[in-house]
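Data first, discussion second: the structure below is written as structure tokens.
The values are calculated or read from the model by the stated rules, or taken from the named source; none is laboratory data. Small disclaimer: the values here were computed from a predicted structure and weren't measured. Cβ coordinates were reconstructed from backbone atoms using ideal geometry, including for glycine residues, and neighbour counts include every protein chain displayed. Keep in mind that these areas ignore ligands, DNA and RNA; they rest on the heavy atoms of the full protein, side chains included. Shrake-Rupley method; radii C 1.70, N 1.55, O 1.52, S 1.80 Å.
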There are 2 protein chains.
Amino acid sequence: MSVQAIRKHVTSASRGALFALVTALALVHPAARAADWLPSWNDGPSKSRIVAFVETVTDPASQQYVPPSERIAVFDNDGTLWTEQPMYFQLAFVLDRVKALAPQHPEWRTQEPFKSVLAGDMAGVAKAGEHGLLEMMAATHAGMTADEFRAIVADWLATARHPRFKRPYTELTYTPMKELLAYLRANGFKTFIVTGGGVEFMRVFSERVYGVPPEQVVGSSIRTKYELRDGKPVIVRLPEIEFIDDKAGKAVGINRYIGRKPILAFGNSDGDFEMLEYTTSAPGPRLGLIVHHDDEEREYAYDRQSSVGRLERGLDEAGPRGWVVVSMKNDWRRVYDAGQR
Amino acid sequence: MSVQAIRKHVTSASRGALFALVTALALVHPAARAADWLPSWNDGPSKSRIVAFVETVTDPASQQYVPPSERIAVFDNDGTLWTEQPMYFQLAFVLDRVKALAPQHPEWRTQEPFKSVLAGDMAGVAKAGEHGLLEMMAATHAGMTADEFRAIVADWLATARHPRFKRPYTELTYTPMKELLAYLRANGFKTFIVTGGGVEFMRVFSERVYGVPPEQVVGSSIRTKYELRDGKPVIVRLPEIEFIDDKAGKAVGINRYIGRKPILAFGNSDGDFEMLEYTTSAPGPRLGLIVHHDDEEREYAYDRQSSVGRLERGLDEAGPRGWVVVSMKNDWRRVYDAGQR
């Protein structure tokens, strides 16, 4: 059918009939073709649980049918959608920004934690603790407008490379997870990212990389204010934490930004525990999932002992709570997009 | 084409072809039929400006074409989507809740502003000022879970009646504005409500009444916390203001929740000024609109002198800024849904 033929057809069709047609197309399309949507997932219990859940909640004949408006799925980012080792990528951004800004701050040569950053002394950076981190956040994330910050992040993403894989950070996003996001959306789900990272950092690439638009990103934030500069309105970023979207904060963030309970939650660390608990304890069909990093060769292997992305309670309670533990090693045919092992 | 035929067609079609088909259907559908979408708008400059804007930004051949992902439209609620006289409906809710809770609070009989509320003395309530309002908000909006609060609001909306029109408040939503919301969505816009009112109050009815889902409501909020009650996770509402989504706060709220600039903003009072300024000062095609309440007979007439919904700067600057001032009296064929004058 040519576009012209469609145009003619549509113009003459009633609006109701058109909606029925579009709805029918949307409904019949994806569930039957999970294999096409999830080629990077190995067959096995994890994939089966996911597909069974999606097919059930989208089947109008099922007792467990969920209308599209309630098909909210939430995903952690660090360690769930992209790699988080050897350090959170946003921390790599902070360190790179400190180095880039150092010429304008001669005082940093003698002032911690900046001194340690500039010397490449990560132990010294760690010693500065939370206070040191907040100082670095204020120096690198505040004082500019929202538009300026986005441009800085975009520049960094275009040039920075991961120390082990030597690829841009946005290429270290997990292929199976991007497939899952697309599969869910094709089934009428609205996909959200709920990240402990900065919401304005994440929004720079969420749409391009994950197909998740800025308005569907929930994250940590700093205060901002509105002002006119040369008569032009801008949003100015202030050096003051507004909200930490981690642990119990993820449930609070979901209620604040989304305003209803998700039916599917996917995380990887104990920082996601409350998000999964909040999602899966509500009545009706619910699915909780955890990425288990057990693939040292293709990515990293870590859980209970890790300082980044520690997963302990989640491993202990996944069984009794019915959460799916996804093994990166066994469940994923590939980890990253083409060209990667 | 039967659903079965479509199913067969779709199963055999490539995914790309299906997307092209659905996209084509979505694209050709609405712009040409504005007359069908906006029957409650009188022909005239306001309607023409709206339709011209929508047709331009959705026309792929236009220099001013805007891709669907950027078609963000924001609407104030009080006085823009529903009536706000003789007092904000949420204030009516607060007063009704104080009365309903009074038996459990004998101390309110002697304590302002509760004493005045119970005596029906609005001058006394007003005298208690902002502090009095905050006390009433704490007493009526906090101390319960988010789910409990939603149930309370839903009950109130089902039973409360407007003092003049004797109808449920949700029936005092403007028919022409609901048509406009639907028209924009049919043209690929994502419609958001950006309200000075409470975000959790608004979310109870936004989807049912306006077709705007909870996750597309930006509003004022109080702090919340996550906790387990009898092993069940709940969001508890705390008596502490978190965010006031009014005036410059509306621009801040848009950046915080939506994360990109709208291309269309619709308000009615000077509380919406910064939202319109922020929206329309960005480059590219932008449209700012203001509902002017000039219809004493069918609704209310007020602007520069009103304590509720004052509109002064907006009237003065609409001309030079190119904003459309919509006259309720002249531009709207009807104000409310069927049965209303």
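Condition check for B:Leu134 on (1) more than 14 Å from chain A (Cβ to nearest Cβ); (2) closer than 26 Å to B:Pro68 by Cβ; (3) not polar (S, T, N, Q): one failure, at (2).
Look at (1) touching a residue at least 60 places away in the same chain (Cβ under 8 Å); (2) in a helix (DSSP H, G or I) and you find that B:Val194 fails only one, number (2). Screening the candidates B:Pro262, B:Pro320 for the property of being open to solvent by less than 10 Å² (accessible area, probe 1.4 Å) and within 14 Å of chain A (Cβ to nearest Cβ) yields one hit, B:Pro262.
Among the residues of region A:323-338, count how many are open to solvent by 80 Å² or more (accessible area, probe 1.4 Å) and not charged (D, E, K, R).
So the answer is 1.
Screening region A:52-80 for residues that are assigned to a helix (DSSP H, G or I) and within 14 Å of another protein chain (Cβ to nearest Cβ) and picking the one that is least open to solvent (accessible area, probe 1.4 Å) gives A:Ser69. A:Phe114 meets each of the listed conditions (1) open to solvent by less than 60 Å² (accessible area, probe 1.4 Å); (2) at pLDDT below 95 apart from (2).
Residues that are touching a residue at least 40 places away in the same chain (Cβ under 8 Å) and in contact with a helix residue (DSSP H, G or I) (Cβ under 6 Å, 6 or more places away or on another chain) within region B:97-146 comprise B:Arg97, B:Val98, B:Met136, B:Thr140, B:Ala146, listed in sequence order. Only one entry of A:Asp303, A:Asp331 meets the criterion of being more than 14 Å from every other protein chain (Cβ to nearest Cβ) and touching a residue at least 24 places away in the same chain (Cβ under 8 Å), and that entry is A:Asp331. The combined condition, being closer than 23 Å to B:Arg49 by Cα, more than 8 Å from every other protein chain (Cβ to nearest Cβ) and buried (at least 18 other Cβ atoms within 10 Å of the Cβ), is not fulfilled by B:Gly253. The single condition among (1) surrounded by fewer than 22 Cβ atoms within 10 Å (Cβ to Cβ); (2) within 14 Å of chain B (Cβ to nearest Cβ); (3) part of a helix (DSSP H, G or I) that A:Ala282 does not meet is (3). Residues in region A:167-192 that are out of contact with any Lys or Arg (no Cβ under 9 Å at 6 or more places or on another chain), β-branched (Val, Ile, Thr) and within 13 Å of another protein chain (Cβ to nearest Cβ): there are none. Based on what the data block shows, is B:Ala100 open to solvent by less than 40 Å² (accessible area, probe 1.4 Å) and more than 30 Å from B:Pro283 (Cβ to Cβ)? When the stated conditions are applied, B:Ala100 does not pass them.
In the list B:Asp272, B:Asp316, which residue meets the criterion of being in a helix (DSSP H, G or I) and in contact (Cβ under 8 Å) with a residue 24 or more places away in the chain? Going through B:Asp272, B:Asp316 in turn, just one is in a helix (DSSP H, G or I) and in contact (Cβ under 8 Å) with a residue 24 or more places away in the chain: B:Asp272.
Evaluate the following for B:Lys127: is it at positive phi and open to solvent by 70 Å² or more (accessible area, probe 1.4 Å)? So B:Lys127 fails the test.
A single entry from A:Glu207, A:Glu215, A:Glu200, A:Glu242 fulfils the requirement of being open to solvent by 10 Å² or more (accessible area, probe 1.4 Å), facing another protein chain (nearest Cβ under 9 Å) and assigned to a strand (DSSP E or B): A:Glu242. Scanning region A:218-235 for residues that are open to solvent by 10 Å² or more (accessible area, probe 1.4 Å), closer than 16 Å to A:Ile152 by Cβ and aliphatic (A, V, I, L, M) yields A:Ile222, A:Val234.
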